[in-house]
Amino acid sequence: MRNSDSFLSGLAMTRRDLLGACAVAAVASTVPLAAIAQAAAPASGTAQAIADHFSGVTTMQGEFVQFGPRGEQTGGKFFIQRPGKLRFNYDDPSPMRVIADGKNVAIGNSKLKTWDLYPLSKTPLSLLLAQRIDLSAGMVKGVKEESDLTTISLGNNTVFGNSTITMMFDPKTYDLRQWTITDNQGKDTSVMIFNVKTGVQFDDRVFRVPYESIPGTAASRD
């Protein structure tokens, strides 16, 4: 398995399973999905208020720690611009880079000088990066409200199969603390975010996918 495929099995997808795992939360503090698995139902007022607040945050940047399905740990800096744009810069010695430009997710390996490209719409990342977080009954897989954490699990069986993205928010400030993506095999990748700044401005180059370095993808940039 190549490094990009191994990465995607934990963050977004593999070639065998484009709906791979993409989780954001420290392993020790991840809320088990079984605890929030409920029949699809309209979100509560608190959950809707949190989702609306998060949808209103168009840009954010900060640091992250990511835990893979086997407990492997990496970290780095992240950048988000809604809708559809994201960048993960991993700390050394990891050679990985992740860029979403609104249409595609590109996974780069600077050591091997390779890039792999996947449609953003086929990954649960598209729910995190959407213009508006959809809390309709058909999208919500579960909501759990506690005094120190509100957890919202989203999915779309038609698009993502059994894959879900679980976002965890501070119920007082409505700030995003973590998100977790669980793949069709029930494997989690967890990422916790911190030192977050919102309302920042980014140069367009931050989210630029180097299509010229990816053979056969000239049409993908349009």
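Phi angles of the stretch 81-87 translate, via the Karplus equation with coefficients 6.51, -1.76, 1.60 and θ = phi - 60°, into HN-Hα couplings of 9, 7, x, x, 10, 7, 9 Hz per residue; Gly and Pro are given as x.
Once you order the gyration tensor axes a ≥ b ≥ c over the Cα atoms, which shape class does the stretch 148-206 get: rounded for a/c under 1.5, otherwise prolate or oblate by comparing a/b with b/c? Because a/c hits 1.5 or more and a/b fails to exceed b/c, the stretch 148-206 counts as oblate. State the answer as a single residue: which of Asn157, Leu120, Gly108 lies farthest towards the positive end of the charge dipole of the stretch 100-164, with beta carbon charges of +1 for Lys and Arg and -1 for Asp and Glu, about the Cα centre. Checking the options against the dipole of the stretch 100-164, the answer is Gly108. Pairs of alpha carbons in the stretch 92-222 separated by more than 17 Å make up 67% of all such pairs. How much net charge surrounds Thr150 when only the other residues with a Cβ under 14 Å from the Cβ of Thr150 are counted, with Lys and Arg +1 and Asp and Glu -1? So the environment of Thr150 carries a net charge of -3.
Applying a 10 Å radius around every beta-carbon, put 188-195, 162-169 in order of their mean neighbour count, most first. Walk me through the numbers before you get to the answer.
On the way: 188-195: 20.6, 162-169: 23.2.
The densest-packed peptide leads the list: 162-169, 188-195.
Ignoring lysines fewer than eight residues from Lys187 along the same chain, the ones with Cα atoms less than 18 angstrom from its Cα are Lys122, Lys141.
Of all lysines in the structure, the ones whose alpha carbon falls short of 18 Å from that of Lys77, not counting any fewer than 8 places away in one chain, are Lys85, Lys197.
Rule-based calculations on the coordinates, nothing more; no lab input. The model shown is predicted, which means the values in this text are computed figures rather than measured ones. Ideal geometry is used to build each Cβ from the backbone, glycine not excepted, and the neighbour counts take in all protein chains shown.
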